[in-house]
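Enquirer: Structure in structure tokens, see below.
The values are calculated or read from the model by the stated rules, or taken from the named source; none is laboratory data. On a predicted model such as this, the values are computed, not experimentally measured, just so you know. Here the Cβ positions follow ideal geometry from the backbone for every residue, glycine too, while neighbour counts run over all protein chains shown. All accessible areas refer to the heavy atoms of the entire protein, side chains included, with ligands and DNA or RNA removed. Shrake-Rupley method; radii C 1.70, N 1.55, O 1.52, S 1.80 Å.
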Amino acid sequence: MQLLKLVILITVTFCFSLISQAQTGEVSGLVTANDKALEFITVQISGTSLGEITNSTGSFLIKDIPYGNYKLTASAMGYESITKPFVLDAQNLKSTINFDLKESQIMLDKFVVTGTKTFKRQTESAVIVNIIDSKTLENVQACNLSEGLKFQPGLRVETDCQTCNYTQLRMNGLAGGYSQILINGRPIFSPLTGLYGLEQIPANMIERIEVVRGGGSALYGSSAIGGTVNVITKIPTESNFDIGFTHQNINGGAQDNIFSGNGTILNPKKNAGATFFINNRSREYYDHNGDNYSELPELKNNSFGTNMFFQPTKNQKIEVSLSNLTEYRYGGEMVDKPAYLTQQSEERTHRVWIGSLDYQLNFNNDSTSFIAYAAGQSTTRDHYTGIIPDDSAGYQNHLENPPYGYSDNTTWQGGIQVNHKIKSFTGLSNVLTFGGEFVSDDVVDKIESYNYLIDQQTENLGVFFQSDWELTPSMNLLTGARADKHNLVDHIIVSPRVSLLYKLKTATQFRLTWGSGFRAPQAFDTDLHIAFAGGGVSRVSLASDLKEERSQSVSASINYDLSKSKYVVGFTFEGFYTYLKDAFFLQPLGTDEFGQRFEKQNGDGATVQGVTIELRGNYNRKLQLETGLTLQESLFDNAVEYAVNLPARKDFLRTPNVYGYGTLSFTPNEKFNASVNLVYTGTMNLVHFAGAPEITETTYTTTSSFTELGCKVGYTFGLKSVDSGLEVFTGAKNLFNAYQNDFDTGKNRDSNYIYGPGMPRTFFVGIRLRSL
């Protein structure tokens with residue numbers, strides 16, 4: 001009897017296997033553009049994990065597809081995606097579908113991930129996600145992340161120290177500590193990294209930058225009040241190489257040399273690959289006002305890294321990234337002496353490691369995905385921040401105890417995320433996302449000579465849930481919440497958000513978003529900077545009763561793009577409003593033996609509100625225009641004191657009410673390219689501390705507005721014998737030299753009195769060899 005059961009079981013299993021095999025088919029085809037076969041094009045069956053990448057002849061073949069009705073999509077960066085239906089059944093075991101792709105005009109419908117923690121097309125995301133791609137970085141000749149971020153609406157990169165030139169990113173009028181900067185989706189851009197990291201990440205490391213402004217980024221936790229910037233590093237998509245050298249002449253007073261290289265390799269099966277980058281920069285210091293103290297510090301940067309992926313099966317993927325950034329930075333008196341023997345200077349040596357590991361498993365017919373990830377960064381730095389006292393006793397003490405310091409910062413994160421797609425009774429989808437993550441940041445920053453020490457350990461455990469519900473074909477509702485337990489906050493903080501998207505036909509999207517957020521009572525990037533003023537240094541400490549800052553944000557927008565055969569034109573109009581409860585501000589405490597002291601305290605509240613306008617157009621894929629303008633206002637509820645003996649005021653300092661950008665590129669053919677760009681910054685108010693020979697009284701100052709104009713032109717020579725192209729290019733940044741013209745002079749200068757463009761007029765010339 002047992003033997004009979006076994007025979008029956010084997011027979012049934014065999015028959016079922018035959019039936020299953022008989023109920024599958026295949027689809028094949030060819031992908032071309034302009035009568036040329038396209039390699040490395042992704043061909044995917046919608047709603048499944050089934051897909052292939054085209055080979056060198058442009059062909060693809062997908063086997064073992066169960067019977068059914070499907071949609072097949074061919075897509076690749078730089079081309080408009082095409083979707084075609086097909087059917088497999090007993091009468092149609094094989095289907096042939098060919099695609100003729102067209103180059104994109106403006107990339108109106110790229111895939112983005114930052115807005116929802118899942119891949120979605122821009123036009124289908126309930127949260128606005130703007131993109132800065134590598135092509136834009138090339139057109140504006142950005143050397144690093146800092147120079148590229150200026151070309152986005154609502155974003156402003158400012159330089160905040162005349163001596164060391166640290167930078168911060170302001171989003172929608174909020175300071176750098178309100179911006180959450182991610183590396184490949186992970187919040188490992190630590191407070192210490194925030195001081196100089198924007199300049200340390202080279203442009204050739206970056207694949208694209210995704211930007212979410214305002215409360216729509218609440219799912220990323222603390223410090224995402226102003227918005228989120230997700231820096232996505234180069235990913236391996238096809239085997240290629242790119243090597244370049246650029247020389248920059250800074251207003252005739254300093255030289256800047258940059259070498260960069262990228263290479264990518266993929267195995268024949270396209271299921272494993274790696275991309276590598278290297279970058280070396282050497283910049284001399286630059287003195288703008290002739291006092292022998294630098295306005296631009298000396299830089300020596302070396303960086304390298306890799307991104308790798310491996311797909312053991314079609315439904316599994318492992319990604320690994322690892323980068324090293326090393327930087328030497330010196331600013332101050334321009335003499336050939338050790339830093340502690342100069343009249344005034346800042347010297348830093350940074351050593352940064354950044355890494356991440358991601359594992360993704362798709363199952364349940366690709367309706368469910370599980371993601372586990374870990375990431376971290378480690379930064380150590382040796383630094384000097386000093387000014388030689390004028391009195392003999394102070395001078396002797398300075399020689400015996402020079403203010404050298406040491407910093408050690410480690411950040412790591414681990415988490416899991418599950419995405420599950422379900423179909424409602426209407427046949428439309430709802431993608432549910434839930435997960436949890438733990439972030440730890442440990443920073444020690446000390447200078448014993450100043451009795452200065454920041455020893456801060458922060459830990460945050462967060463869980464999040466999100467529903468991305470397609471209510472109708474034209475309406476999408478995104479709801480979610482995140483709960484955080486921060487070790488510096490006594491209670492759990494829940495940050496919900498709601499976003500509604502309504503699509504009017506194919507050209508117009510209306511969006512409405514509300515969200516809340518918080519900032520923990522901790523030291524952020526600018527709190528770690530020691531500034532010079534009045535012959536001493538200024539330092540920031542935290543109030544003993546400092547508590548978290550909370551926010552409520554609302555934004556509404558309309559996005560329109562008209563696409564015709566020869567041109568695309570469009571605009572985005574967005575209004576935003578953010579209210580900060582218990583807003584942080586710096587209370588001046590007076591001076592001690594080392595200089596000025598400030599304490600971070602809670603105020604009553606503050607409001608940031610405004611509008612952003614974007615315009616864009618593309619004619620025949622040859623002429624492309626993108627521009628944005630932000631009008632805004634940032635006010636405390638009650639006036640705050642910025643300096644001793646100065647009247648309190650409500651407005652945020654260093655915050656212009658008007659700023660914007662524009663880029664125009666012209667590419668009539670594959671060989672020639674030209675571009676023009678500008679950045680406009682309106683007037684702003686700031687404190688100017690006394691101390692320099694020409695400044696005898698601390699006052700408020702209103703700056704003038706300024707416009708940076710840049711241009712670039714390039715020509716590529718084809719090298720058919722090696723299937724490569726050799727590009728030569730030249731151009732200028734800040735062509736009309738709209739640089740600050742009232743810098744303080746001498747060692748007692750107020751180093752925070754700096755505004756305007758990050759560099760004076762700079763001419764550049766370069767050469768680049770890359771595969772075609």
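Enquirer: Mind telling me which of the residues Val463, Val439 ends up being among the β-branched types (Val, Ile, Thr), open to solvent by less than 40 Å² (accessible area, probe 1.4 Å) and either touching a Ser or Thr at 6+ places or on another chain (Cβ under 6 Å) or part of a strand (DSSP E or B) (or both)?
Expert: Every option except Val439 fails the conditions.
Enquirer: What is the residue count in the stretch 714-740 for residues that are in contact (Cβ under 8 Å) with a residue 12 or more places away in the chain, not in a strand (DSSP E or B) and not small (Gly, Ala, Ser)?
Expert: 7
Enquirer: Please identify the pairs in which a residue from the stretch 147-176 that is within 25 Å of Ile613 (Cβ to Cβ) and β-branched (Val, Ile, Thr) has its Cβ atom under 9 Å from the Cβ atom of a residue that is open to solvent by 10 Å² or more (accessible area, probe 1.4 Å) and part of a loop (DSSP other than H, G, I, E, B), counting only partners at least 6 apart or on another chain.
Expert: Every condition considered, the pairs that remain are Val157/Lys150; Val157/Gly758.
Enquirer: Now for a separate question. Kindly establish whether Leu769 is open to solvent by 30 Å² or more (accessible area, probe 1.4 Å), touching a strand residue (DSSP E or B) at 6+ places or on another chain (Cβ under 7 Å), touching a residue at least 12 places away in the same chain (Cβ under 8 Å) and on the phi < 0 side of the Ramachandran plot.
Expert: Details: open to solvent by 30 Å² or more (accessible area, probe 1.4 Å): yes; touching a strand residue (DSSP E or B) at 6+ places or on another chain (Cβ under 7 Å): yes; touching a residue at least 12 places away in the same chain (Cβ under 8 Å): yes; on the phi < 0 side of the Ramachandran plot: yes.
Yes.
Enquirer: Could I ask something else about it? Here is a list: Glu333, Glu284, Glu295. Which entry is in contact with a His (Cβ under 8 Å, 6 or more places away or on another chain), at pLDDT 95 or above and under 16 Å from Thr163 (Cβ atoms)?
Expert: Glu295
Enquirer: Something else now. Looking at the stretch 278-301, is at least one residue β-branched (Val, Ile, Thr) and open to solvent by less than 50 Å² (accessible area, probe 1.4 Å)?
Expert: Residues of the stretch 278-301 β-branched (Val, Ile, Thr): 278.
If we keep only those that are open to solvent by less than 50 Å² (accessible area, probe 1.4 Å) as well, we get none.
No, the stretch 278-301 contains no residue that is β-branched (Val, Ile, Thr) and open to solvent by less than 50 Å² (accessible area, probe 1.4 Å).
Enquirer: In addition: Pick out the one residue from Val568, Val611 that is farther than 30 Å from Thr385 by Cα, open to solvent by less than 60 Å² (accessible area, probe 1.4 Å), touching an Asp or Glu at 6+ places or on another chain (Cβ under 8 Å) and at pLDDT below 95.
Expert: Val568
Enquirer: Still on this structure: Kindly indicate whether Leu546 is surrounded by fewer than 21 Cβ atoms within 10 Å (Cβ to Cβ) and part of a strand (DSSP E or B).
Expert: Spelling it out, it is not the case that Leu546 is surrounded by fewer than 21 Cβ atoms within 10 Å (Cβ to Cβ) and part of a strand (DSSP E or B).
Enquirer: Return the residue satisfying two criteria in turn: it lies in the stretch 128-151 and is out of contact with any Pro (no Cβ under 6 Å at 6 or more places or on another chain) and part of a strand (DSSP E or B), and of such residues it is nearest to Thr572 (Cα to Cα).
Expert: Asn130
Enquirer: Looking only at the stretch 420-432, which residues are touching a Leu at 6+ places or on another chain (Cβ under 9 Å) and either modelled with pLDDT of 95 or more or open to solvent by 50 Å² or more (accessible area, probe 1.4 Å) (or both)?
Expert: His420, Lys421, Ile422, Thr426
Enquirer: Further, regarding this structure: In the stretch 385-400, what count of residues is obtained for those that are in contact with a helix residue (DSSP H, G or I) (Cβ under 7 Å, 6 or more places away or on another chain) and buried (at least 17 other Cβ atoms within 10 Å of the Cβ)?
Expert: Adding up the residues that qualify gives 2.
Enquirer: Only one residue in Phe717, Phe706 is touching a strand residue (DSSP E or B) at 6+ places or on another chain (Cβ under 6 Å) and open to solvent by less than 40 Å² (accessible area, probe 1.4 Å), so which one is that?
Expert: Answer to the selection: Phe706.
Enquirer: Looking at the stretch 731-742, which of its residues are open to solvent by less than 30 Å² (accessible area, probe 1.4 Å) and at pLDDT below 95?
Expert: Of everything in the stretch 731-742, nothing turns out to be open to solvent by less than 30 Å² (accessible area, probe 1.4 Å) and at pLDDT below 95.
Enquirer: Please enumerate the residues belonging to the stretch 571-604 that are open to solvent by 40 Å² or more (accessible area, probe 1.4 Å) and polar (S, T, N, Q).
Expert: Correct list: Thr591, Gln601, Asn602.
Enquirer: Of the residues in the stretch 645-681, how many are open to solvent by less than 70 Å² (accessible area, probe 1.4 Å), touching a strand residue (DSSP E or B) at 6+ places or on another chain (Cβ under 6 Å) and assigned to a loop (DSSP other than H, G, I, E, B)?
Expert: So the count comes out to 7.
Enquirer: If we only count strands (runs of 3 or more DSSP E) wholly inside the stretch 199-273, which ones have 3 or more residues that are at pLDDT 95 or above?
Expert: Strands (runs of 3 or more DSSP E) meeting the threshold: 240-250, 254-266.
Enquirer: Now for a different question. Against the condition on the phi < 0 side of the Ramachandran plot and surrounded by 15 or more Cβ atoms within 10 Å (Cβ to Cβ), how does Ile454 come out, does it pass?
Expert: yes
Enquirer: Hey, another quick one. Just the residues that are open to solvent by less than 60 Å² (accessible area, probe 1.4 Å) and among the hydrophobic types (A, V, I, L, M, F, W, C), please, taken from the stretch 228-266.
Expert: Val229, Val231, Ile232, Ile250, Ala254, Ile258, Leu266
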